[in-house]
1. Taking all protein chains as present, what is the carbon and sulfur share of the accessible area of chain A, in % to the nearest whole number, probe 1.4 Å?
2. Report the Cys residues of chain A lacking a disulfide-compatible partner, meaning no second Cys Cβ under 4.7 Å from their Cβ.
3. So what are the range B:96-148's ellipsoid semi-axes, whole angstrom, largest first, if each one is the square root of 5 times an eigenvalue of the alpha-carbon gyration tensor?
4. For B:161-168, what's the mean count of beta carbons from other chains sitting within 10 Å of each residue's beta carbon?
5. Positive end of the charge dipole of the range B:109-174 (Lys, Arg +1 and Asp, Glu -1 on Cβ, about the Cα centre): tell me which of B:Met153, B:Leu165, B:Leu115 has its Cα farthest that way.
6. What's the average, rounded to a whole number, of partner chain beta-carbon atoms within 10 Å of each residue's beta-carbon in A:8-19?
7. Taking the Cα centre of the range B:93-163 as origin, work out the dipole magnitude from +1 charges on Lys and Arg Cβ and -1 charges on Asp and Glu Cβ, in debye rounded to 20.
8. Please state the shape class of chain A: rounded when a/c is under 1.5, otherwise prolate if a/b exceeds b/c and oblate if not, all from the C-alpha gyration tensor.
Amino acid sequence: MLNCRKATRLLSEAQERPLKLGEKLSLKMHVLMCSGCRNFGEQIKVLRRIARAYAEGADETATPKEQEG
Amino acid sequence: MVKFATLQLGDTHAAEDAVQEALIGAMQNVGSFGGRSAFKTWVFAILKNKIADELRRRQRLVEASTLLQESEEEAMLELFDSRGFWQSDKRPRRWADPEGALHDAQFWRVFEACLERLPARQARAFIMREFLELTTQEICTNLGITVSNLNVMLYRARLRLRECLENHWFQGGEGC
């Protein structure tokens, strides 16, 4: 059974290479039960999206929102 | 743009050169440029290429021993307990509206601050991979590291970045 450290490591590597079948299965099992790692998996995909938007200059076209008090 | 280039090249002079070259390149070819709204995107694309060229040229070698610094390892370990499960206060929570963040200028300031907090080498690996979209092989050659070194660096960069963004942006974002 994977712990969170190994699970997050695999989730990160999944961004770089296709996982092996065994890795995929044990990761799936873990993520089903672990909301933290499930969120982590979604967030590193968001990170990629954020990074690419930044590289395309999205920060320069964003609009300032009103500050909350 | 200079900030973007500095993060990548590691020194301000090289960054300013790259930006200047990109701008000159853009000016010279301005005739071939159509719509005005995408001008920034266009200059950024030129800059990205300049940076990638510069990085390919450098091919600097890094001692593998300095990669896995003890301090980094320790910083990472705080996220997990002794059995390797999330510490309860470090467990990733759901992010509210990540798409909306992309259009918020304030978010980008937080993002830049988080990026600057990364250890330099991790930041460089992350930027090469996620901003410049270089291949694993190109990054490894450039930094003089192995694929597994790179994967560890990217992993740590992601752990840190996501935590920083959660603490400084996505937390408490709900409900507004």
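1. 57
2. A:Cys4
3. On the way: eigenvalues 146, 32, 13 Å².
After diagonalising the Cα gyration tensor, the semi-axes are 27, 13, 8 Å.
4. 3
5. Towards the positive end, the residue furthest out is B:Met153.
6. Neighbouring Cβ atoms belonging to other protein chains average 4 per residue here.
7. Numbers: 11 positive and 9 negative charges, 80 e Å.
Dipole about the Cα centre, nearest 20: 380 debye.
8. oblate
The values are calculated or read from the model by the stated rules, or taken from the named source; none is laboratory data. Please read all numbers here as calculations on a predicted model, not as lab measurements. No Cβ is skipped: glycine too gets one built from the backbone with ideal geometry, and neighbour counts run over all protein chains shown. What goes into the accessible areas is simple: the full protein's heavy atoms, side chains included, and nothing from ligands, DNA or RNA. Shrake-Rupley method; radii C 1.70, N 1.55, O 1.52, S 1.80 Å.
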